[in-house]
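Before any comments, here is the structure.
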Amino acid sequence: MLKKYFLISAHVIFICMVFAFTPALQAQQVKKPMQPVNKAVQGKTVPDWNKKVRVSPRVFKTQTIGLTDVTISYSRPGVKGRKIWGGLVPYNKVWRAGANEATKLTFSTDVWIEGKKFPAGSYSFFIIPYEKKDWTIIFNKVADQWGAFEYNEAEDFARFSVKPQATNFQEWLTYNFTNMKVNEKGKNSAVLSLAWEKVRVPFTIEVNVN
């Protein structure tokens, strides 16, 4: 009988101790500080829309000429009170014709520029500005490049001389398709121009519709 009494008492004491310590354990769990976030892991989970804003916004522009889609991708630097030609953009040196990545042109079919046939595909686009003579425009076979840092003249597909033109002030560099010539059959064309500060650099893209 005595043994049974001691067993019952032990069970009662154990239950009381559990109830006594439970609030303290809960309080410790509430007050437990959050673990610091691993920055390396955190960086990998940042969504695309939360990346740093580019000071030279990127543009993707497509114009259909005849049955051909011509797409240009480039970044738009601003003048911001700076001297552009012969300053920010030096004369006599290859320039990416934009900012960040090299400007890129993509043709969905074969096209002709200055009488030269360009097979369908993508080309990086560069310009060499000069102070007192016509500028050189360059189409390079290495389509994806960062700036002109790895530009290789040996990879050029074509070079042409273009006369720069005066234009109204343009704060943000831009490319525009103008002077469209549309025909159901035969040649279709458009003039693609870079315009920045007070300079415009145009060239004509032609396609054939059979």
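The values are calculated or read from the model by the stated rules, or taken from the named source; none is laboratory data. These numbers were taken from a predicted model, which means no experiment stands behind them. When we count neighbours, we look across all protein chains shown, and the Cβ atoms used for this are built from the backbone with ideal geometry, even at glycine.
Given the criteria among the aromatic types (Phe, Trp, Tyr), under 17 Å from Leu192 (Cα atoms), without any contact (Cβ under 8 Å) to a residue 40 or more places away in the chain and surrounded by fewer than 12 Cβ atoms within 10 Å (Cβ to Cβ), does Phe60 qualify?
Against the criterion (among the aromatic types (Phe, Trp, Tyr), under 17 Å from Leu192 (Cα atoms), without any contact (Cβ under 8 Å) to a residue 40 or more places away in the chain and surrounded by fewer than 12 Cβ atoms within 10 Å (Cβ to Cβ)), Phe60 qualifies.
Do you know which residues across the range 102-153 are touching a helix residue (DSSP H, G or I) at 6+ places or on another chain (Cβ under 7 Å) and in a strand (DSSP E or B)?
Asn140, the sole residue that qualifies.
Out of all the residues in the range 77-121, which are among the small types (Gly, Ala, Ser), within 16 Å of Val59 (Cα to Cα) and in contact with a Ser or Thr (Cβ under 6 Å, 6 or more places away or on another chain)?
Of everything in the range 77-121, those that are among the small types (Gly, Ala, Ser), within 16 Å of Val59 (Cα to Cα) and in contact with a Ser or Thr (Cβ under 6 Å, 6 or more places away or on another chain) turn out to be Ala97, Gly98, Ala99, Ala102.
Yes/no per residue for (1) surrounded by 14 or more Cβ atoms within 10 Å (Cβ to Cβ); (2) within 19 Å of the chain's Cα centre (by Cα); (3) not charged (D, E, K, R):
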| position | (1), (2), (3) |
| --- | --- |
| Ala120 | no, no, yes |
| Ser124 | yes, yes, yes |
| Ile137 | yes, no, yes |
| Gln145 | yes, yes, yes |
| Glu153 | no, no, no |
| Phe157 | yes, no, yes |
| Ala166 | no, no, yes |
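Mind listing whichever residues of the range 76-98 are touching a Gly at 6+ places or on another chain (Cβ under 8 Å) and touching a residue at least 60 places away in the same chain (Cβ under 8 Å)?
Those that are touching a Gly at 6+ places or on another chain (Cβ under 8 Å) and touching a residue at least 60 places away in the same chain (Cβ under 8 Å): Arg76, Pro77.
Identify, from the list Glu101, Glu171, Glu150, Glu114, the residue that is in contact (Cβ under 8 Å) with a residue 60 or more places away in the chain and under 19 Å from Ser75 (Cβ atoms).
Of Glu101, Glu171, Glu150, Glu114, the one residue that is in contact (Cβ under 8 Å) with a residue 60 or more places away in the chain and under 19 Å from Ser75 (Cβ atoms) is Glu171.
Which residues, counting only those in the range 171-210, are at pLDDT below 95 and either closer than 22 Å to Ser56 by Cβ or not in a strand (DSSP E or B) (or both)?
Hits for the range 171-210 are Val182, Asn183, Glu184, Lys185, Asn210.
With the checklist (1) modelled with pLDDT of 95 or more; (2) under 16 Å from the mean Cα position of the chain (by Cα); (3) acidic (Asp, Glu) in hand, flag the one item Asp69 doesn't pass.
Of the numbered conditions (1) modelled with pLDDT of 95 or more; (2) under 16 Å from the mean Cα position of the chain (by Cα); (3) acidic (Asp, Glu), the odd one out for Asp69 is (2).
Of Ala148, Ala120, which residue is of a type in the set (A, V, I, L, M, F, W, C) and modelled with pLDDT of 95 or more?
Ala120
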